[in-house]
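The values are calculated or read from the model by the stated rules, or taken from the named source; none is laboratory data. Note that this is a predicted model, so its numbers are computed, not measured. No Cβ is skipped: glycine too gets one built from the backbone with ideal geometry, and neighbour counts run over all protein chains shown. Side chains included, ligands, DNA and RNA excluded: accessible areas come from the protein's heavy atoms. Shrake-Rupley method; radii C 1.70, N 1.55, O 1.52, S 1.80 Å.
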Amino acid sequence: MFERIDYEVKRIDGDYAYLQNTENRDEELKCVAMALLPPEIMEGSRVAYEMLQYFMAE
């Protein structure tokens with residue numbers, strides 16, 4: 001439940017970003033409110049989700 005999941009930002013559409021799971025590319029894109037993501041993201045950025053929050057992945 002609290003394991004890290006890595007995503008790539010595929011598309012930004014207004015107040016929402018669409019994220020692709022990097023380990024399971026067959027999954028549907030995940031729609032996430034921009035307010036929950038780091039302010040510096042852009043299309044192509046990599047983010048990680050862990051412990052109920054998103055942060056920039058290295």
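Can you list the HN-Hα couplings for the stretch 14-26, worked out from phi with the Karplus curve (6.51, -1.76, 1.60; θ = phi - 60°), rounded to whole Hz and with x for Gly and Pro?
x, 8, 10, 10, 10, 10, 10, 5, 6, 8, 10, 5, 7
Given charges of +1 on the Cβ of Lys and Arg and -1 on the Cβ of Asp and Glu, with all other atoms neutral, how large is the dipole of the chain about its Cα centre, in debye to the nearest 20? Please list the in-between numbers first.
Details: 6 positive and 13 negative charges, 16 e Å.
Dipole of the chain, to the nearest 20 debye: 80 debye.
Which distance in nm do the two modelled labels at Glu3 and Cys31 give, with both placed 7 Å along the Cα-to-Cβ direction?
2.7 nm
Starting at the first residue of the stretch 46-56, write each ³J(HN,Hα) from the Karplus equation 6.51 cos²θ - 1.76 cosθ + 1.60 with θ = phi - 60°, in whole Hz, x for Gly and Pro.
Couplings: 10, 10, 10, 10, 7, 6, 6, 8, 9, 8, 5 Hz.
Along the stretch 38-43, what does the Karplus equation 6.51 cos²θ - 1.76 cosθ + 1.60 (θ = phi - 60°) give for ³J(HN,Hα), rounded to whole Hz, x for Gly and Pro?
Once θ is set to phi - 60°, the couplings for the stretch 38-43 become x, x, 8, 5, 8, 4 Hz.
With all protein chains present, how much of the accessible area of the chain (probe radius 1.4 Å) comes from carbon and sulfur, to the nearest whole percent?
Whole-percent figure for carbon plus sulfur exposure: 49.
Taking amide H atoms as placed 1.01 Å from N in the peptide plane, list the residues 5 or more away in sequence, or in a different chain, whose amide H sits under 5 Å from that of Tyr16.
Amide H neighbours of Tyr16: Met34.
Remind me, relative contact order of the chain in percent, using alpha carbon pairs under 8 angstrom and six or more residues apart?
The normalised contact order for the chain reaches 38 percent.
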